[in-house]
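See structure below.
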Amino acid sequence: METLPIFMKLRNRPCLVVGGGDVASRKVSLLEKAGADITVVAPELHPTLMQWLAEGRIRHFALVFEPSQMDGAAVVIAATDDAEVNHAVSQAAQARNIPVNVVDAPELCTFIVPSIMDRSPLLVAVSSGGAAPVLARMLRTRIETMIPAAYGRLAAFAAEFREAVKRRFSTGQQRRIFWEDVFQGAIGEQVLSGQESSARHAMEQLLAGSGELNHGEVYLVGGGPGDPDLLTFRALRLMQQADVCVYDKLVSKEVMELVRRDAELIYVGKSRDQHTLPQEDINQLLVRLAQEGKRVLRLKGGDPFIFGRGGEEIETLMENGVPFQVVPGITAANGVSSYAGIPLTHRDYAQSCLFTTGHLKDGSVNLDWHALVRPNQTVVIYMGLVGLPEICRQMQAHGASESLPIAIIQQGTTQRQRVVEGTLATLPGLVEHAGLRAPCLIIVGEVVRLREKLAWFAPSPEAVSAG
Ligand code: SAH
């Protein structure tokens, strides 16, 4: 180990920055986050530094560097493009035993400024010892994507209870086990998902000797339209920590691949109208699994609150006092339209957009047709493959032009995506011969014309036919 990573307290301590450019201002900003009392020495100040000077956030000491300026400083940073000055700063600091960093000159530094992931009070610092700062930065970015943004809140939450936990458990080992359970269990999840008051309440109960540590919970997660790259960070994290996964037909196999390997998988079907399990049974199943103490991932295609019956599922959870959280997903309208090159709104063609379901009931589609044929609007129809001929007929009967563009997209965002495009008059005929497979999304409106110019996603033909 060439250096020893330490975290230095700089709040209200004097720090000197030599240099007034862009790089210097980035270092100043970092020191400011740590609460340092900052003085800058430079012949000229970058506009950002000028502004901070005007706001009283920094001091501008002098135009030219003199060694005595660093007397009393806790750290010194040199960020000038003058090698001689950088050298002089380094020497003067070392002579005074003040830690010094010279940007991009590891040989002149007595300390290194790492790449930082800031989830205060939690900090992760990455350093390559000056050997490859870009690599360190890339590594930091990867860590950023792995650590939930709310980890800082979790650490702050733990700090609140630190003393109480110490009083409750006398040995370090007991405390360690307790905290591991809290962080990995329902309380930790509650803090991360912004339900802090419930978490606080559960924690108080636990410390008072009532309440259970690891009761089950349900994560109602939107798995997006198919492409696993469209999952949210939170969805992925919960997918990887669930004990059991209750999933639909709509969830793509690529997304299912990312569920924790040893989670139990329970398929509850839900194709268009032959539900493998009736909704009420699914609701009860979720409650039962959670009551067994499991972390239950209820994984749905798209977004759970858009034609996803997520509302009904959580209603039952609430009635039974099961803790849960809802994680939004990219709904089909969003994901599929993007991948098909069809913007849902456009200044010239559509100022509003309507999502509806084309689900057949007793062989007919029951929709507010007048609302659907308004000009300058895009209509997105979920579950409309079977009802397509009826939809096209009714829209024309209610005043839409027979030449109104319409597209149907099969398995959008996946390698099996196919788009069939036509008009209200021609699409049903085209689709009859296309042999499309569910799920399919319909988009009606002038915006469909833009596809010709904007389509960018093109799965390979072999992938489409193999799917
Ligand atoms: N909750 C889901 C929708 C469930 S309803 C969401 O927010 O997307 C099921 C309908 O969604 C399907 O019939 C189809 O119309 C649409 N759908 C979902 N994923 C799709 C995809 N990848 N491609 C095309 N349509 C999709």
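Number of residues in region 306-329 that are more than 8 Å from the ligand (Cβ to nearest atom) and closer than 24 Å to VAL447 by Cβ: the value is 1. Checking each residue in region 278-305 for being within 16 Å of the ligand (Cβ to nearest atom) and surrounded by fewer than 21 Cβ atoms within 10 Å (Cβ to Cβ) picks out GLN279, PHE305.
Among the residues of region 182-241, the ones that are in a helix (DSSP H, G or I), open to solvent by less than 40 Å² (accessible area, probe 1.4 Å) and more than 16 Å from the ligand (Cβ to nearest atom) come to 15 in all. Taking every residue in region 326-344 that is open to solvent by less than 20 Å² (accessible area, probe 1.4 Å) and pairing it with any residue that is assigned to a helix (DSSP H, G or I), at least 6 positions away or on another chain, the pairs with Cβ-Cβ distances below 6 Å are VAL327/ARG234; VAL327/ALA235; GLY335/LEU230; GLY341/ARG451; GLY341/LEU454; ILE342/VAL447; ILE342/VAL448; ILE342/ARG451. Which condition does ASP348 not pass, out of (1) within 22 Å of LEU454 (Cα to Cα); (2) away from the ligand (no atom under 16 Å from the Cβ); (3) buried (at least 17 other Cβ atoms within 10 Å of the Cβ), if it passes all the others? Evaluating ASP348 over (1) within 22 Å of LEU454 (Cα to Cα); (2) away from the ligand (no atom under 16 Å from the Cβ); (3) buried (at least 17 other Cβ atoms within 10 Å of the Cβ) leaves (3) as the failure.
Among the residues of region 30-43, not a single one is part of a loop (DSSP other than H, G, I, E, B), of a type in the set (D, E, K, R) and loosely packed, with under 15 Cβ neighbours inside 10 Å. In region 368-380 there is at least one residue that is open to solvent by less than 20 Å² (accessible area, probe 1.4 Å), within 12 Å of the ligand (Cβ to nearest atom) and at pLDDT 95 or above.
Could you figure out which of (1) out of contact with any strand residue (DSSP E or B) (no Cβ under 7 Å at 6 or more places or on another chain); (2) within 30 Å of TYR151 (Cβ to Cβ) isn't true of HIS87? Answer for HIS87: the failing condition is (2).
The values are calculated or read from the model by the stated rules, or taken from the named source; none is laboratory data. Given the structure is predicted, the values throughout are model-derived calculations rather than measurements. Ideal geometry is used to build each Cβ from the backbone, glycine not excepted, and the neighbour counts take in all protein chains shown. Calculation scope for accessible area: heavy atoms of the full protein, side chains included, ligands and nucleic acids excluded. Shrake-Rupley method; radii C 1.70, N 1.55, O 1.52, S 1.80 Å.
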